[in-house]
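The values are calculated or read from the model by the stated rules, or taken from the named source; none is laboratory data. None of these values were measured; they are calculated from a predicted model. For neighbour counting, all protein chains shown are included, and Cβ atoms are generated from backbone atoms with ideal geometry for every residue, glycine included. The area values use the complete protein model at the heavy-atom level, side chains included, leaving out ligands, DNA and RNA. Shrake-Rupley method; radii C 1.70, N 1.55, O 1.52, S 1.80 Å.
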Amino acid sequence: MRLTALDSHAENMGLKRGQGLAEARAIHPALVMVEEDEAADKRFLEALADWCDRYTPLVALEGRDGLFLNITGCAHLFGGEEAMLREILLRLEQMGLEVKGAISSAPGLSSAVARFDASQIIGEDEHERVLAPLPLAALRIDDATVQGLAKLGLKQVGDLLEAPRAPLARRFGTQLLLRLDQALGLDDESISPRRPVAHLSAERRLAEPVQAEDDILELTSQVAQSLKPGLEARGAGGRVFELVLFRVDGKVFRLKAGASRPLRDAARIAKLFAERLKDVHDDLDAGFGFEILRLNVLRHEAFDHAQKDFEGEDERHLSLADFVDQVSARFGPECLTTYQLRESHMPERAILSVPALGHIFKPVPMPEAAPLVENALSGKERPLRLFRHPEPLEAYAVDVPDGPPIRFRWRRLTHKVCHAEGPERIAAEWWLDGEDAPTRDYFRLECETGQRFWVYRQGLYDQIANPSWYMHGIFA
Amino acid sequence: MAKNALAQETVFALRETIARLEGKSLPALAAAQASQAGHPAGGDEARIRTGVDFLDEALDGGLPCGGITELRSDGLRHAGALSGFAMALGCLFQRAENRPLLWISDRMTASDAGLPYPIGLKRFGLSIHRFLHAAPNRLEDALWLAEAALSSGIFAATFFEVRGNPAHFGLTESRRLSLRAKAAGRPLLILRHGGEEEASSALFRFHVEPSLASPRRLPDGSMLGGSIGSSVFHLTLEKSRNAAPLSLHLEWNHHDRRLIALDPTERAFSFERPTALSGASLPKALDRQDPAPPLGAVLAFDRAS
């Protein structure tokens with residue numbers, strides 16, 4: 001076992017990363033050791049990245065212990081770069097973290113300075129001066145290259161700056177020079193943010209943290225109001241919203257809610273979150289309150305102005321939309337479903353169950369498919385309830401070859417058939433199921449007790465020796 | 001004299017309070033309304049007539065639009081009849097006002113008794129434009145959903161399916177639902193698969209059992225023997241204002257979308273149809289969809305010259 005991280009006290013005692021644990025213990029028997037948990041470290045870093053969302057939406061993870069914040073266009077909101085850096089470091093230190101930071105125009109340079117130098121802001125013309133005294137490891141290159149360069153007597157970045165480039169590239173590959181150029185800001189480097197940037201976003205910073213659900217909703221409504229001009233400018237309404245709540249101790253909650261049609265109205269947006277908050281009630285621990293509240297529009301769609309006066313039925317349609325939104329926000333979109341008709345003779349394929357959110361207001365059949373779908377609707381006898389998976393049944397006596405079962409056993413009960421209608425033959429869809437998929441013969445059966453079933457025989461007697469029977473649905 | 005009048009006033013007030021608690025129309029008002037419009041008593045809330053006179057009479061004028069009607073079966077094996085009768089009632093409600101329908105079922109029932117199949121529902125007579133199906137995970141969620149659906153007033157009818165008599169769905173919950181239904185004027189149909197009789201706020205409770213379907217009617221009015229025509233339900237009205245239990249067979253005619261009472265004597269006669277099974281009583285598949293083509297197909301040959 002080796003040491004992977006040290007606090008400043010341990011560093012001062014002369015311990016090093018990578019040192020064997022036994023050796024370190026031999027030097028300092030009273031060493032306090034905690035086993036490394038990489039997953040937990042990662043979670044913690046992600047939580048910090050979430051917290052940093054308050055400064056910029058573009059936050060990326062760097063390595064195991066670093067964060068990149070792209071603050072282009074954000075610094076003035078916090079009183080300039082210097083004030084911003086000071087505030088970030090101060091607040092993180094207040095949380096009990098030991099943090100260093102640097103602001104520069106190149107991510108590579110910031111990373112090098114933050115890890116190997118004091119926290120500072122580096123101007124546009126100071127890159128070489130700052131970089132030169134740093135050790136080579138600051139360039140984010142692998143250990144083998146660092147050791148190889150050390151053998152040649154190149155130990156600081158400044159040594160590389162003066163060395164000719166061609167031999168370096170020949171001996172150590174282009175990665176070294178790429179990293180050097182990136183650190184100098186000569187080569188562009190893009191950071192990959194953890195989350196997509198919201199289309200629109202509005203936030204409220206609070207002097208006094210809020211805890212109560214009602215206050216949160218009231219604020220959400222106010223923030224939603226300030227999103228409205230942005231949505232209007234785009235001629236759009238939001239379909240998926242995200243409410244981000246920053247708790248005072250650094251924890252960040254994200255609540256997502258979808259709407260069944262594009263929304264602009266602040267009250268309706270707030271209502272989505274009213275349900276959502278009720279649902280997460282127990283998980284949303286307000287603690288000492290939330291200090292920042294942000295509302296993002298993750299997806300928006302064209303806002304239909306006509307929807308308000310739609311055949312004079314507006315009230316009903318809107319309230320159906322409200323109901324769908326309310327339920328979907330509370331229980332998730334899978335809870336409430338509606339259906340779509342498909343062009344298929346297979347009963348289970350003719351209907352597709354889809355979330356009501358997002359589908360309830362779309363026209364059900366496609367225009368060109370309409371006559372066929374109508375056929376599917378008005379055609380044969382279909383059961384009231386269809387089993388999700390056809391259930392096998394044991395047919396004792398069958399009218400061979402084309403007839404219905406006369407006695408059968410299903411769910412541990414024996415049924416005696418007294419009337420039967422059929423068969424309705426439905427051939428398999430060879431373009432989906434393959435050419436040798438068996439044909440089904442459907443029968444409507446009525447038992448002596450009055451129950452009515454829909455069963456089918458999979459396969460024909462002249463093709464399969466002993467075709468099996470399935471229960472597929474029940475009639476009224 | 002004045003004391004007497006005061007006492008009478010108090011009695012009237014009490015009577016009105018009791019009537020209101022029981023959900024009945026106020027006696028004085030009802031008398032006035034009956035004389036005015038010639039309606040039967042009970043005009044204070046909207047009712048949907050079932051079309052079967054003696055059933056309507058037993059139901060005080062029809063199914064309540066703002067209240068709970070409970071339907072109960074002996075078990076999941078009768079799920080077809082139970083859902084069928086519920087759908088038939090839903091159809092009656094929808095005929096009065098064409099609005100969407102909401103079907104709430106728990107996951108257990110949905111997997112054991114199957115999911116409502118819109119094509120079949122359409123064939124049964126329902127309008128399935130905007131048919132919603134909800135399957136919440138917990139009973140509490142289902143109750144919340146039913147309440148929200150009732151108070152929104154969007155749905156022509158809300159179906160609420162439970163299995164047995166769950167502990168968390170007792171008198172208090174059903175009272176809540178009943179108040180919601182009453183406030184919004186929308187019906188709630190509770191389907192209890194394999195449930196016991198239980199105290200609830202439902203205005204009426206039916207016990208539903210399947211019954212042999214009536215045969216298909218031929219154009220000349222005769223019946224096609226051996227066929228499975230309109231569904232028939234064997235109902236027992238277990239809970240109502242009228243003390244006498246009522247048992248009847250109702251047929252659902254999905255073409256006309258109406259319930260027809262079957263004459264018990266005729267029914268008894270029709271039971272004498274031979275039910276002993278022989279292969280011959282079942283249809284021979286003569287008119288199947290793809291009969292063998294006749295031999296000697298005519299081919300259009302090309303002209304020789």
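Criterion applied to B:233, B:169 was being under 19 Å from the mean Cα position of the chain (by Cα) and either more than 14 Å from chain A (Cβ to nearest Cβ) or not in a loop (DSSP other than H, G, I, E, B) (or both), and the one residue passing it is B:233.
Note on segment B:129-144: residues that are under 28 Å from residue B:231 (Cβ atoms) and facing chain A (nearest Cβ under 8 Å) amount to 7. Of B:133, B:168, all but one fail to be at pLDDT 90 or above, open to solvent by 10 Å² or more (accessible area, probe 1.4 Å), assigned by TED's automatic domain parsing to the domain that holds residue B:254 and not aliphatic (A, V, I, L, M); the exception is B:133. In segment A:219-259, the qualifying residues are those that are among the aromatic types (Phe, Trp, Tyr) and open to solvent by less than 10 Å² (accessible area, probe 1.4 Å), and the one that is nearest to residue A:286 (Cα to Cα) is A:246.
Looking only at segment A:334-349, how many residues end up being under 19 Å from residue A:472 (Cα atoms), without any contact (Cβ under 8 Å) to a residue 60 or more places away in the chain and buried (at least 21 other Cβ atoms within 10 Å of the Cβ)? Of the residues in segment A:334-349, 2 are under 19 Å from residue A:472 (Cα atoms), without any contact (Cβ under 8 Å) to a residue 60 or more places away in the chain and buried (at least 21 other Cβ atoms within 10 Å of the Cβ). If you filter segment B:81-92 down to residues that are closer than 14 Å to residue B:160 by Cβ and of a type in the set (A, V, I, L, M, F, W, C), you find that the one that is surrounded by the fewest Cβ atoms within 10 Å (Cβ to Cβ) is B:89.
Looking across segment A:166-196, just one residue is closer than 14 Å to residue A:140 by Cα and among the hydroxyl-bearing types (Ser, Thr, Tyr), and that is A:174. Taking segment A:322-340 as the range and being at the interface with another protein chain (Cβ under 8 Å from one of its Cβ atoms) and in a strand (DSSP E or B) as the test, the residues that pass are A:336, A:337, A:338, A:339.
To keep it simple, each residue is scored yes or no on (1) in a strand (DSSP E or B); (2) within 23 Å of residue B:140 (Cα to Cα).
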position: A:270; (1), (2): no, no
position: A:281; (1), (2): no, yes
position: A:284; (1), (2): no, yes
position: A:295; (1), (2): yes, no
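Given B:99, B:123, which one is at the interface with another protein chain (Cβ under 7 Å from one of its Cβ atoms) and open to solvent by 10 Å² or more (accessible area, probe 1.4 Å)?
Testing whether each residue is at the interface with another protein chain (Cβ under 7 Å from one of its Cβ atoms) and open to solvent by 10 Å² or more (accessible area, probe 1.4 Å) leaves just B:123.
Selection over segment B:237-255 of residues that are touching a residue at least 60 places away in the same chain (Cβ under 8 Å), open to solvent by less than 70 Å² (accessible area, probe 1.4 Å) and not hydrophobic (A, V, I, L, M, F, W, C) gives a count of 5. Before we move on, is residue B:172 more than 24 Å from residue B:252 (Cα to Cα) and β-branched (Val, Ile, Thr)? Yes: the conditions hold for residue B:172.
Set side by side, the residues B:224, B:218, B:212, B:189 differ, and just one is within 20 Å of residue B:258 (Cα to Cα) and modelled with pLDDT under 85, which is B:218. Among residues of segment A:182-206 that are under 24 Å from residue A:264 (Cα atoms), those with a beta-carbon under 6 Å from a residue that is in a loop (DSSP other than H, G, I, E, B) at least six positions away or on a different chain give the pairs A:197/A:57.
Residues that are within 14 Å of chain A (Cβ to nearest Cβ) and either surrounded by fewer than 20 Cβ atoms within 10 Å (Cβ to Cβ) or not hydrophobic (A, V, I, L, M, F, W, C) (or both) were ranked within segment B:56-80; the one that is nearest to residue A:476 (Cα to Cα) is B:80.
Condition check ((1) open to solvent by less than 40 Å² (accessible area, probe 1.4 Å); (2) part of a strand (DSSP E or B); (3) of a type in the set (Phe, Trp, Tyr); (4) in contact (Cβ under 8 Å) with a residue 40 or more places away in the chain) across all residues:
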residue: A:29; (1), (2), (3), (4): no, no, no, no
residue: A:44; (1), (2), (3), (4): no, no, yes, no
residue: A:60; (1), (2), (3), (4): yes, yes, no, yes
residue: A:71; (1), (2), (3), (4): yes, no, no, no
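Among the residues making up segment A:49-90, a single one is more than 19 Å from residue A:193 (Cα to Cα) and of a type in the set (Phe, Trp, Tyr): A:78. Would you check if residue A:105 is under 31 Å from the mean Cα position of the chain (by Cα) and part of a helix (DSSP H, G or I)? Criteria not met by residue A:105.
Filter segment A:14-27 down to residues that are closer than 26 Å to residue A:99 by Cβ and more than 39 Å from the chain's Cα centre (by Cα) and give me whichever is surrounded by the fewest Cβ atoms within 10 Å (Cβ to Cβ).
A:14
Among what's in segment B:44-55 and is touching a helix residue (DSSP H, G or I) at 6+ places or on another chain (Cβ under 6 Å) and in a loop (DSSP other than H, G, I, E, B), pick the residue that is surrounded by the fewest Cβ atoms within 10 Å (Cβ to Cβ). Checked segment B:44-55; the qualifying residue surrounded by the fewest Cβ atoms within 10 Å (Cβ to Cβ) is B:49.
For residue B:186, state whether it is more than 11 Å from chain A (Cβ to nearest Cβ) and not in a helix (DSSP H, G or I). Step through it out loud before you land on a result.
Values: more than 11 Å from chain A (Cβ to nearest Cβ): yes; not in a helix (DSSP H, G or I): yes.
Criteria met by residue B:186.
Which condition does residue A:11 not pass, out of (1) surrounded by 13 or more Cβ atoms within 10 Å (Cβ to Cβ); (2) part of a helix (DSSP H, G or I), if it passes all the others? Evaluating residue A:11 over (1) surrounded by 13 or more Cβ atoms within 10 Å (Cβ to Cβ); (2) part of a helix (DSSP H, G or I) leaves (1) as the failure. Residue A:352 meets all of the listed conditions (1) modelled with pLDDT of 85 or more; (2) touching a helix residue (DSSP H, G or I) at 6+ places or on another chain (Cβ under 7 Å); (3) among the aliphatic types (A, V, I, L, M); (4) open to solvent by 10 Å² or more (accessible area, probe 1.4 Å) but one, namely (2). Scanning segment A:464-476 for residues that are in contact with a Gly (Cβ under 8 Å, 6 or more places away or on another chain) and facing chain B (nearest Cβ under 9 Å) yields A:473, A:474, A:475, A:476.
Filter segment B:220-229 for residues that are out of contact with any Leu (no Cβ under 7 Å at 6 or more places or on another chain) and more than 9 Å from chain A (Cβ to nearest Cβ) and give the result. Walk me through how you get there before you give the answer.
Within segment B:220-229, the subset out of contact with any Leu (no Cβ under 7 Å at 6 or more places or on another chain) is B:220-223, B:225-229.
Scanning segment B:220-229 gives B:220, B:221, B:222, B:223, B:225, B:229.
Candidates A:141, A:88: the one that is surrounded by 17 or more Cβ atoms within 10 Å (Cβ to Cβ) and in a loop (DSSP other than H, G, I, E, B) is A:141.
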